[in-house]
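The values are calculated or read from the model by the stated rules, or taken from the named source; none is laboratory data. As the structure is a prediction and not an experimental result, all values here were calculated from the model. Every residue, glycine as well, gets a Cβ built from its backbone with ideal geometry; the counts of neighbours run over all protein chains shown.
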Amino acid sequence: MRALHRFLRFLSNSLRPCLLLLGLLPSAFGSVARNAIEVVEVAGGVVQVDDRGATPVSEVGAKIRRKAKVIIPGDGRLIFALSNGARVLVDGNSSFQVQAFVDSPGKGSLVDIRPDFGRFTFALPRQGPGDVFVVRDAQGEQHLKSRGLYQLVAAQGVPAPRFICLAGETLFTPAQGLGQPVRLKTGEQMVARAESLGLTTSAEPMGEAARRRIVEGLAYEREFKVYPLELDPAARLSATSATTLEAVMASIEEIVERQTQINPSPTGG
């Protein structure tokens with residue numbers, strides 16, 4: 001009996017590290033395959049077009065192909081997840097392509113998303129030293145620098161997109177001859193104005209009411225995991241619950257501030 005007891009103890013000690021590792025991996029089941037871009041939610045007649053022709057994107061689990069132009073009609077919407085943990089919510093009447101996505105173990109990931117027009121919300125997990133996440137258009141490149149929540153609004157045919165940093169940090173590098181770099185922090189937005197001599201960009205504080213509306217709307221997104229908020233998917237905020245909403249917004253500030261202190265910005269801010 002004593003020998004059996006020792007054997008069971010040995011077996012338990014041997015398995016404990018494996019069980020602990022499994023417990024630390026919440027995405028061990030149902031995770032996105034390495035280097036894949038997978039649909040989490042889709043509605044309306046979404047299609048992707050490339051050299052294979054036009055392919056409907058109509059079900060959860062479908063893959064978004066690199067360099068394919070993805071078109072979301074006015075009555076559609078799309079949420080997709082990348083294997084590096086990022087998620088993107090695309091509203092109706094939008095168009096974009098994932099120009100490049102590489103997720104290398106131990107080396108980091110590269111994401112190059114190119115919106116044509118529409119509204120896009122990006123939720124990023126913690127970024128490592130080798131991670132690069134770029135949102136690129138004709139005006140320049142928006143580098144998302146940290147774990148956070150970001151939104152791009154680009155009207156069709158209007159060369160002046162609005163980029164909102166709800167939580168986190170970004171660095172905008174304009175295309176050659178189109179102004180100076182602009183760095184955004186939590187609660188700021190980049191305003192681009194087309195002028196006779198080119199495009200001017202500036203960082204401006206975002207109004208509290210406007211920011212509140214965006215955060216409140218995202219709090220209802222069941223399939224869009226907002227990393228800075230980390231809400232229970234089953235929980236729904238009441239539109240009249242100002243106290244709860246203020247707590248959510250304060251959570252954004254607290255997490256981003258703590259993250260900034262732990263990992264100072266590579267841009268020197």
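For segment 58-71, taking the residues that are of a type in the set (Val, Ile, Thr) and at pLDDT 95 or above, the one that is nearest to LEU82 (Cα to Cα) is identified as ILE64. Inspect all residues belonging to segment 30-46 and state whether any of them is modelled with pLDDT under 90, outside any helix (DSSP H, G or I) and loosely packed, with under 10 Cβ neighbours inside 10 Å. Yes, segment 30-46 contains a residue that is modelled with pLDDT under 90, outside any helix (DSSP H, G or I) and loosely packed, with under 10 Cβ neighbours inside 10 Å. For ARG65, the criteria (1) charged (D, E, K, R); (2) closer than 21 Å to ALA160 by Cα; (3) more than 14 Å from the chain's Cα centre (by Cα) hold in every case but one, which is (2). When segment 142-152 is limited to residues that are in contact with an Asp or Glu (Cβ under 9 Å, 6 or more places away or on another chain) and either touching a residue at least 60 places away in the same chain (Cβ under 8 Å) or surrounded by fewer than 17 Cβ atoms within 10 Å (Cβ to Cβ) (or both), the one that is nearest to ARG119 (Cα to Cα) turns out to be GLY148. Restricted to segment 80-129, the set of strands (runs of 3 or more DSSP E) holding at least 1 residues that are among the small types (Gly, Ala, Ser) and either surrounded by fewer than 16 Cβ atoms within 10 Å (Cβ to Cβ) or touching a residue at least 24 places away in the same chain (Cβ under 8 Å) (or both) comprises 94-104, 108-124.
The set of residues from segment 130-141 being buried (at least 21 other Cβ atoms within 10 Å of the Cβ), assigned to a strand (DSSP E or B) and modelled with pLDDT under 90 comprises just one member, GLY140. Within the set of pairs 6+ apart or on separate chains, which have a first residue in segment 41-69 that is more than 16 Å from PHE101 (Cα to Cα), a second that is among the aromatic types (Phe, Trp, Tyr) and in a loop (DSSP other than H, G, I, E, B), and C-beta atoms under 8 Å apart? Hits for this filter: GLU41/PHE224.
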